[in-house]
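A quick write-up on the structure given underneath.
The values are calculated or read from the model by the stated rules, or taken from the named source; none is laboratory data. No experiment lies behind these values; they were computed from the predicted model shown. We place every Cβ from the backbone using ideal geometry, glycine too, and count neighbours over all the protein chains shown. Side chains included, ligands, DNA and RNA excluded: accessible areas come from the protein's heavy atoms. Shrake-Rupley method; radii C 1.70, N 1.55, O 1.52, S 1.80 Å.
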Amino acid sequence: MTLTRDEKLARFAALHRPGDPLVLWNAWDAGSAAAVARAGAKAVATGSAAVAQAMGFPDGEALPLDLLVAISERVALAAGDLPASIDFEGAYSADPAGAAANALRIARAGAVGINFEDGVVGGEGLHPVEAQAARIAAIVGTCAEAGLPLHVNARIDLFIRAGDADAHASLIDAALERAAAYAAAGAASIYPITLADPDLIAAFCRACPVPVNVFGPPGGAEGAAALAALGVGRISYGPRAWREAMAGVEAAARAMHG
């Protein structure tokens, strides 16, 4: 069976079910995407840190955009009939039109989704709510007009930038304000990255107008089940697969070289 792009997008959207979440063990290249697909995944997604580091670059849009587009195309091809989503960081542009043009390149590479963050890449703080909503709206509108609509997973960086988990409760209202604005602009899911307290996750899921993506904890299926019970609609693991794979390579090399 060969699915059309529209069928892959529809399938990807339908997999975001609060209480029965899509689980994404993030890949970083075509080989890892194929391995994830063979393991029975329902979709394939990349993590920006792993993609960059696998090519010898640090995270934070240091990976050249042209190279990221090429990798995205290979990942989408390796995913086959599975939907593919690309971690696109800040879309390589603070300008709405520039972000939209860049996102369209990812859509043309075969991806049906992107992860798009509101933190200022390489700088301090977050983009203002209105500015980030304008970038989301531009991406969604431009790609739809080109006949290549994208599922935008809008990442909220308030919690990761705060650092201290004790401050997370005080940030929930501001995060939900962002979530509402991003959803209104066309985001299909929301990612409050590093929000980890179960009560706060449950409250966020109840109030968020679209499915919520949470960074997966250790614990495999048991940990995922716990998040599902909180109403989470998507679970991703960022660079965890990459780190575990590289640790295995290093351990095997040490054993070989003594």
Go through (1) assigned to a helix (DSSP H, G or I); (2) over 15 Å from the mean Cα position of the chain (by Cα); (3) of a type in the set (A, V, I, L, M) for A62 and report which single condition fails. (1)
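Restricting the search to region 209-235, which residues are assigned to a strand (DSSP E or B), surrounded by fewer than 22 Cβ atoms within 10 Å (Cβ to Cβ) and β-branched (V, I, T)?
The one that is assigned to a strand (DSSP E or B), surrounded by fewer than 22 Cβ atoms within 10 Å (Cβ to Cβ) and β-branched (V, I, T): I235.
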Could we say that A78 is more than 23 Å from A10 (Cβ to Cβ) and either in contact with a Pro (Cβ under 7 Å, 6 or more places away or on another chain) or surrounded by fewer than 24 Cβ atoms within 10 Å (Cβ to Cβ) (or both) here? no
Restricting to region 141-151, name every residue that is out of contact with any helix residue (DSSP H, G or I) (no Cβ under 6 Å at 6 or more places or on another chain) and either part of a helix (DSSP H, G or I) or under 11 Å from A185 (Cα atoms) (or both). G141, A144, E145
Give the residue that is farthest from I139 (Cα to Cα), with candidates limited to residues of region 65-87 that are in contact (Cβ under 8 Å) with a residue 60 or more places away in the chain and assigned to a loop (DSSP other than H, G, I, E, B). D81
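Residue-by-condition table, conditions (1) over 18 Å from T194 (Cβ atoms); (2) of a type outside the set (A, V, I, L, M); (3) under 17 Å from the mean Cα position of the chain (by Cα):
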| residue | (1), (2), (3) |
| --- | --- |
| A131 | yes, no, no |
| I139 | yes, no, yes |
| A144 | yes, no, no |
| G147 | yes, yes, no |
| I156 | no, no, yes |
| A165 | no, no, no |
I need a count of the residues in region 89-140 that are open to solvent by 10 Å² or more (accessible area, probe 1.4 Å), assigned to a loop (DSSP other than H, G, I, E, B) and not β-branched (V, I, T). 13
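Quick test for you: out of A41, A35, pick the one residue that is assigned to a helix (DSSP H, G or I) and either at pLDDT below 95 or open to solvent by 10 Å² or more (accessible area, probe 1.4 Å) (or both).
A35
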Being among the acidic types (D, E) and at pLDDT 95 or above is the filter; apply it to region 92-137 and report the residue that is nearest to L22 (Cα to Cα). E117
Tell me whether region 102-123 contains one or more residues that are more than 18 Å from the chain's Cα centre (by Cα) and closer than 27 Å to L171 by Cα. yes
Residue satisfying condition, being surrounded by 21 or more Cβ atoms within 10 Å (Cβ to Cβ) and among the small types (G, A, S), within set S189, S170: S189
Assess whether A179 counts as being assigned to a helix (DSSP H, G or I), at pLDDT below 95, closer than 21 Å to G19 by Cβ and among the aliphatic types (A, V, I, L, M). no
Criterion violated by G56 - all others in (1) closer than 20 Å to D118 by Cα; (2) open to solvent by 50 Å² or more (accessible area, probe 1.4 Å); (3) among the small types (G, A, S) satisfied: (1)
Going through region 1-27 in order, the residues found to be touching a Leu at 6+ places or on another chain (Cβ under 6 Å), within 16 Å of F215 (Cβ to Cβ) and part of a loop (DSSP other than H, G, I, E, B) are H16
Identify, please: which residue in region 156-167 is surrounded by 13 or more Cβ atoms within 10 Å (Cβ to Cβ) and among the aliphatic types (A, V, I, L, M) and is, among those, modelled with the lowest pLDDT? A165
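Give the residue, chosen from A131, A165, A111, A144, that is in contact with a Gly (Cβ under 9 Å, 6 or more places away or on another chain), free of Cβ contacts under 8 Å to residues at least 40 places away in the same chain and farther than 18 Å from G60 by Cβ.
Result of the check over A131, A165, A111, A144: A144.
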Quick check on region 219-235. Is at least one of its residues modelled with pLDDT under 95 and touching a helix residue (DSSP H, G or I) at 6+ places or on another chain (Cβ under 7 Å)? no
